[in-house]
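The values are calculated or read from the model by the stated rules, or taken from the named source; none is laboratory data. Every value quoted in this text rests on a predicted model; they were computed, and no experiment measured them. Cβ atoms come from the backbone with ideal geometry, glycine included; neighbour counts cover every protein chain shown. Accessible surface areas use protein heavy atoms only, side chains included; no ligands, DNA or RNA. Shrake-Rupley method; radii C 1.70, N 1.55, O 1.52, S 1.80 Å.
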Amino acid sequence: MEKWVIAAKRADFNQIGQQFHIDPVIARLIRNRDVIGEDKIREYLSGTVQELPSPWLMKDMEKAVDILEKKISQKAKVRIIGDYDIDGVTSTYILMKGLARIGADVDTYIPDRVADGYGIHAHLIERAETDRIDTIVTCDNGIAAIDQIAEAKELGMTVVITDHHDIQVDEVSETEIMPSADAIVNPKRKDSKYPFSEICGAMVAYKLIQVLFEEYGIDRQEWLDMLELAAIATVGDVMKLKDENRIVVKEGLKKLANTKIQGLVSLMEKNTLDPEHISAYHVGFVLGPCLNASGRLKTAQMAMELLLAENKAQADELADALKALNDERKDMTKDGTDAAIEQVETELKDDKVLVVFLPDCHESLAGIVAGRIREYYNKPVFVLTRAE
């Protein structure tokens, strides 16, 4: 049986409530989230985009900007390599639109879950060489691609990594093991002065575009016009809604009411959502799964094309297709979960660790099914399937 424990961290909740004009219960909830001190409480309740930390505090941000400015002036071919989930797709879009805006010769590649696997593999480096790519920019991946980045460097490419994942550490020396990229922008670096490391990949990409727009004298509003994508990625990648994440999500969701991204407008319409009242729930359980569905069952390029759609007819068609894919994904997940429960009930119920074999389950859904079974039985679960 699950055991629930009520958090009871101490503070003067009545005093906090009076000072910030909130109910003492809300004050308790804020304290339980480790938001401590007047400045942090005020930021939590009413923080604005103007209070986001400076992107320049990230290690190698200046180096990445210098590299990209140089490559743009040289008309070098730049390729963005992203990921097939919601964070990867939105960060790819942010980088592509931002770099194109400042004159880069840029294209994108989002790996296929089955054919390519996660992140950068050797064949993607070889494809880039064949396509005469000069510079690779990663987003939401790359920090663990030691051998692949080394190959790119041997082939004479420039590599800029933007990522938010944990960095490998040598167990003996406790030093970070990082690829030989020309710039590595990751808030989790030990030598980073950035004050909040728990941002998603799209936020790292968004920060890079912010400073590039500043360098090129582009109106700040154009950067803000992509804020809703950073918000969607933050919720969709299940980041903690505190510090700057809370500000980005709060302000970004407001912008969905007047978003200039036609694909998002169509996706909200197809899911009968009111743009004026979009919450984190709608992103996490309606819009996000639609954007993720293409990367799970087909190719994430569909989600990318939705965001890039230039007219309503094209956006509507893609939004319909993504919603249908997500509905199919839900049905397949239910079928897999039902089959797993039946297998546990008939064969495995007394096992301390549940190892379920579902040969017909789509490999991209095995993790979701495992999570459902873990919640149902409160035991560790492995779901195996016939994967590619």
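Consider ARG372 against the criteria (1) open to solvent by 20 Å² or more (accessible area, probe 1.4 Å); (2) within 21 Å of the chain's Cα centre (by Cα): it satisfies all of them except one. Which criterion is unmet?
Going through (1) open to solvent by 20 Å² or more (accessible area, probe 1.4 Å); (2) within 21 Å of the chain's Cα centre (by Cα) one by one, ARG372 breaks only (2).
Being out of contact with any Phe, Trp or Tyr (no Cβ under 8 Å at 6 or more places or on another chain), free of Cβ contacts under 8 Å to residues at least 12 places away in the same chain, surrounded by 16 or more Cβ atoms within 10 Å (Cβ to Cβ) and not hydrophobic (A, V, I, L, M, F, W, C) narrows it down to one of HIS277, HIS282, so name that one. First the steps, then the outcome.
Numbers: HIS277 fails: surrounded by 16 or more Cβ atoms within 10 Å (Cβ to Cβ).
None of the other options fit; the residue is HIS282.
If you scan region 114-142, which residues turn out to be part of a helix (DSSP H, G or I) and either buried (at least 19 other Cβ atoms within 10 Å of the Cβ) or among the acidic types (Asp, Glu) (or both)?
Within region 114-142, LEU124, ILE125, GLU126, ALA128, GLU129 meet the criteria.
Go over the candidates LEU308, LEU322, LEU297 one by one and state the one that is surrounded by 19 or more Cβ atoms within 10 Å (Cβ to Cβ), within 23 Å of ASP237 (Cα to Cα) and under 25 Å from the mean Cα position of the chain (by Cα). Write out each step before concluding.
Numbers: LEU308 fails: surrounded by 19 or more Cβ atoms within 10 Å (Cβ to Cβ); LEU297 fails: surrounded by 19 or more Cβ atoms within 10 Å (Cβ to Cβ).
Residue meeting the stated conditions: LEU322.
One line per residue, one yes/no per condition, for (1) over 21 Å from the mean Cα position of the chain (by Cα); (2) among the aromatic types (Phe, Trp, Tyr):
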{"position": "LYS40", "(1), (2)": "yes, no"}
{"position": "ASP60", "(1), (2)": "no, no"}
{"position": "ASP66", "(1), (2)": "yes, no"}
{"position": "LYS70", "(1), (2)": "yes, no"}
{"position": "GLN74", "(1), (2)": "yes, no"}
{"position": "ARG79", "(1), (2)": "no, no"}
{"position": "THR90", "(1), (2)": "no, no"}
{"position": "TYR93", "(1), (2)": "no, yes"}
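Among the residues of region 13-56, which ones are in contact with a helix residue (DSSP H, G or I) (Cβ under 6 Å, 6 or more places away or on another chain) and basic (Lys, Arg)?
Once the filter is applied, which keeps residues that are in contact with a helix residue (DSSP H, G or I) (Cβ under 6 Å, 6 or more places away or on another chain) and basic (Lys, Arg), region 13-56 yields only ARG28.
Out of all the residues in region 73-113, which are more than 28 Å from LEU267 (Cα to Cα) and either in contact with a strand residue (DSSP E or B) (Cβ under 8 Å, 6 or more places away or on another chain) or open to solvent by less than 10 Å² (accessible area, probe 1.4 Å) (or both)?
Correct list: LYS75, ALA76, LYS77, VAL78, ALA104, ASP105.
I'd like to know if region 250-272 contains one or more residues that are open to solvent by 50 Å² or more (accessible area, probe 1.4 Å), out of contact with any helix residue (DSSP H, G or I) (no Cβ under 9 Å at 6 or more places or on another chain) and more than 30 Å from ALA313 (Cα to Cα).
no
Listed here are the residues, each with its yes/no results for (1) open to solvent by 60 Å² or more (accessible area, probe 1.4 Å); (2) free of Cβ contacts under 8 Å to residues at least 24 places away in the same chain.
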residue: ALA150; (1), (2): no, no
residue: LEU155; (1), (2): yes, no
residue: VAL160; (1), (2): no, no
residue: ASP163; (1), (2): no, no
residue: ILE167; (1), (2): no, no
residue: GLU171; (1), (2): yes, yes
residue: MET178; (1), (2): no, no
residue: LYS190; (1), (2): yes, yes
residue: ALA202; (1), (2): no, no
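Can you spot a residue in region 159-175 that is assigned to a helix (DSSP H, G or I) and touching a Pro at 6+ places or on another chain (Cβ under 7 Å)?
Just the residues of region 159-175 that are assigned to a helix (DSSP H, G or I), to begin with: none.
Looking for residues that are assigned to a helix (DSSP H, G or I) and touching a Pro at 6+ places or on another chain (Cβ under 7 Å), one finds none in region 159-175, hence no.
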